[in-house]
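Here the structure comes first, spelled out in structure tokens, and everything after it is commentary.
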Amino acid sequence: MNAPESNPRARRWRTPLLVGAALLLALVLGLSLLGRNATAPPRGAPAGETAGSGSGQQPTPETVLHLRTESRPGGYVAVIDADTGKVLRELDPTGDGFMRTVLRILPMDREQESDTPLRLVRWSDGTLTLEDPVTGTRYEDLQAFGSTNADAFEGLFKAARGS
């Protein structure tokens with residue numbers, strides 16, 4: 001029986017496979033480094049701050065809600081307008097998965113306890129962002145997480161207006 005090293009057919013396939021795997025690995029590493037170093041201008045930044053921004057006008061904030069959360073009995077989480085103290089929504093422990101998770105995890109990333117509320121912003125282009133001013137963490141476009149999830153956050157603006 002021939003050992004794989006002495007089989008010319010096995011050697012003929014092994015070299016191109018190793019070269020292909022090395023090229024694929026180099027491509028993945030290169031793209032990940034490129035993505036890590038890419039930066040986007042902050043929302044609302046003047047259009048002149050970005051090189052190559054041909055669209056001209058940047059979206060501006062239309063409405064800002066300052067949010068805080070509070071644990072309630074039975075595993076519920078109250079979403080509260082930090083400016084008025086009004087409860088905008090109570091999140092069910094068995095539902096509201098995306099909103100509940102995001103609103104609970106953002107404050108957990110803080111190194112120190114802080115009363116600084118989260119900011120939910122509706123932009124002039126219709127997008128919604130959620131950010132933690134303490135850590136700088138920002139979910140740029142909640143629509144990217146699905147229209148149902150974005151609509152849930154949009155509902156907080158309606159609740160704050162009282163409609």
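List of remarks:
- Within the stretch 138-163, being loosely packed, with under 15 Cβ neighbours inside 10 Å and either small (Gly, Ala, Ser) or within 16 Å of LEU67 (Cα to Cα) (or both) holds for ALA144, GLY146, SER147, GLY155, LYS158, ARG161, GLY162, SER163.
- Selection status of THR84, closer than 18 Å to ALA160 by Cβ, assigned by TED's automatic domain parsing to the domain that holds PHE153, assigned to a loop (DSSP other than H, G, I, E, B) and modelled with pLDDT of 85 or more: yes
- Only one of the listed residues (ARG89, ARG104, ARG122) is part of a helix (DSSP H, G or I) and of a type in the set (Lys, Arg). That residue is ARG104.
- Of the residues making up the stretch 62-74, those that are farther than 19 Å from GLN143 by Cβ and either surrounded by 14 or more Cβ atoms within 10 Å (Cβ to Cβ) or of a type in the set (Lys, Arg) (or both) are HIS66, ARG68, THR69, ARG72.
- Members of the stretch 103-151 found to be of a type in the set (Lys, Arg) and touching a residue at least 60 places away in the same chain (Cβ under 8 Å), listed by number: ARG122
- Qualifying position, being modelled with pLDDT of 80 or more and among the charged types (D, E, K, R), among ARG89, ARG11: ARG89
- Counted residues, the stretch 75-88 - those being touching a helix residue (DSSP H, G or I) at 6+ places or on another chain (Cβ under 9 Å) and either polar (S, T, N, Q) or buried (at least 16 other Cβ atoms within 10 Å of the Cβ) (or both): 5
The values are calculated or read from the model by the stated rules, or taken from the named source; none is laboratory data. Since the model is a prediction, treat every value here as computed from it, not as a measurement. Here Cβ is always computed from backbone atoms with ideal geometry, including for glycine, and neighbour counts include all displayed protein chains.
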